[in-house]
Amino acid sequence: MIKKFIPSLNKSSKVIERRIPVSKHGVTRDKFSPLSLKVVDKLLDEGHEAYIVGGCIRDILLGKTPKDFDVATSARPEQVQKLFRRSRIIGRRFKIVHVEEKRDLIEVTTFRGDHKSGNSRHATQSSEGVLLRDNVYGSLQEDAVRRDFSCNSLYFDIDSEEIVDFLDGVRDIKQGILRTIGDPEERFREDPVRMMRALRFQSKLGLKLDAKSYKQLKQNIGMIREVSSARLFDEVIKLLLHDSSATAFKMMMDTGLMEQLFPSSTKAIAAKPIMAKLITAAMQTTEARLQSGKNASPFYLYAVLLWPAAEQEFQEQLSRKQPPVRAMQTAGDKTIAGQSSLVSIPRRFSQPMREIWEMQNRLPQRDRAQKLLEHPRFRAAYDFLLVREQSGENLDGLGAWWTKYQDANQQTRDKMVSELPVKSSNRRRPRKRRPSSKTQ
Ligand code: ATP
Ligand code: MG
């Protein structure tokens, strides 16, 4: 192993260049996507430094399939862009290049410097006090230090198959540790999204955040509110849409992240603890879906997370003598509007969320089963109904009825509807509020 000392970039992190041979780490070239190898190869041919970098090496070391492949290089974005036909520069504050081929997309970033290592003029502060780094290019070592966790700061040399590891990332991965690079409080302040990334890597990859970082994360979780509502919308999805989403939700509750991002739902959960069970049950079904290769939609996830708030408001509207359909519409509007300054939910997601919620009032109307079955949101609404029952809500066997109805042939379906109690089979619209639309 070749070790090289590099002057420390800041007081808290010793930076030593280690080149770990393939015999020690076992990550071979063929584990990477052909396009990522091609991009690095071309950059090297042109005389630039270039490596495959980050999360994909971490995932391979953990025996997982990487979601995407990133490349880091000494070449400037404009130079990269000129080398690849199907490529474009994106990003304003920091330019990156997207290189595409067939269905593969590689993100190429130029080595970035740490503002603290150079001149403090490079660091600017947003109005909320978040440190912003600007377009400071740097060396490979500087690029390693500006990354978030040691496990994400690994570089794969495609020629030698060595992993370049400045911060003991390979050792940390082997020991199951998620270690913040530098001072955790400082790094979380620079970019509070790193706290959500920490929870994501802990839950998704089973790594354990180092004790100091975890303490700082809990203490500073309120800083997450400084992040834009649009970025938070994406980060919540990344944090929860994977095959350990129930664990991630528990972490959101334990660290206070849930309270910061979804205060109205968190209050409703405190008033009605069954709601936490409901979210957990929904996350478990999400996990099962993803594990069996099915997809899980972000609107369903958000419908679940905001259901406690929506349901509380629904009850409030009912108590003001609003009819159920109107009560749910008002509750949906209020819940989504109240949320938008924190986590903004685009309309193409909020609309299906409302439909899932509104369908909860319609699913009890079994005399209209055939029509309801054709509703584009039936499946999601039915899944949601099952989760409500799973968490302990008593809905008079409605879920089982719908399960049977879907599996039955037309004749049996007709029979099931004709056997319904008179009240629900003879009237198109029930005049009385149905007990089954209430939740406990
Ligand atoms: P995933 O499996 O979700 O893709 P990832 O670690 O690859 O996880 P990306 O968002 O693809 O995450 O980012 C690629 C790399 O860029 C990371 O591995 C990390 O080195 C660096 N990075 C990303 N976001 C940050 C951040 N907020 N702060 C510092 N470094 C970051
Ligand atoms: Mg990635």
According to a simple spin-label model (label point 7 Å from Cα along Cα-to-Cβ), what is the distance in nm between residue 316 and residue 297? 2.7
1/(1 + (r/R0)^6) with r = Cβ-Cβ of residue 409 and residue 218, R0 = 51 Å, i.e. FRET efficiency to nearest 0.05, evaluates to 0.40
Counting only protein heavy atoms and a 1.4 Å probe, tell me what percentage of the chain's accessible area is made up of carbon and sulfur. 48
Quick one, what does Rg over Rh come out to for segment 209-292 if you take C-alpha atoms and the Kirkwood Rh? 0.98
With r defined as the distance between the Cβ atoms of residue 271 and residue 417 and R0 fixed at 51 Å, what FRET efficiency is calculated, to the nearest 0.05? 0.85
Per residue of the chain, what 222 nm ellipticity follows from adding -39500 (n - 2.57) for every DSSP H run with n ≥ 4, rounded to the nearest 500? -15000 deg cm²/dmol
For segment 281-321, report the % of Cα-Cα distances exceeding 15 Å. 52
Run the quick spin-label model on residue 68 and residue 396: label points 7 Å from Cα toward the beta carbon, then report their separation in nm to one decimal. 4.9
What percent of all Cα-Cα pairs in segment 229-414 falls in each 5 Å bin, counting up from 0? 1, 8, 16, 20, 22, 16, 9, 5, 2, 1, 0
Taking the Cβ of residue 280 as the center, what net charge do the other residues with Cβ under 12 Å away carry, scoring Lys and Arg +1 and Asp and Glu -1? +1
Work out how much length residue 44 to residue 175 would gain on full extension: take 0.36 nm times their residue separation and subtract the Cα-Cα distance, in nm to one decimal. 43.9 nm
Quickly work out the residue 24-to-residue 101 label distance, labels modelled 7 Å from Cα along the C-beta direction, and quote it in nm with one decimal. 3.1
How much length, in nm to one decimal, is gained on full extension between residue 159 and residue 373, taken as 0.36 nm per residue of separation minus their Cα-Cα distance? 71.4 nm
Before I look further, what does segment 265-371 give for accessible area per residue, probe 1.4 Å, in whole square angstrom? 43
Checked against a 27 Å limit on the C-alpha separation, the offending pairs among 334/404; 67/208; 215/250 are 334/404
Need one number: the % of Cα-Cα pairs in the chain sitting beyond the 42 Å mark. 27
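The values are calculated or read from the model by the stated rules, or taken from the named source; none is laboratory data. These numbers come from a predicted model, not from an experiment. Quick reminder, even Gly has a Cβ in these numbers, built from the backbone with ideal geometry, and neighbours come from all protein chains shown. When the accessible area is computed, the model is the full protein with side chains, heavy atoms only, and any ligands, DNA or RNA have been set aside. Shrake-Rupley method; radii C 1.70, N 1.55, O 1.52, S 1.80 Å.
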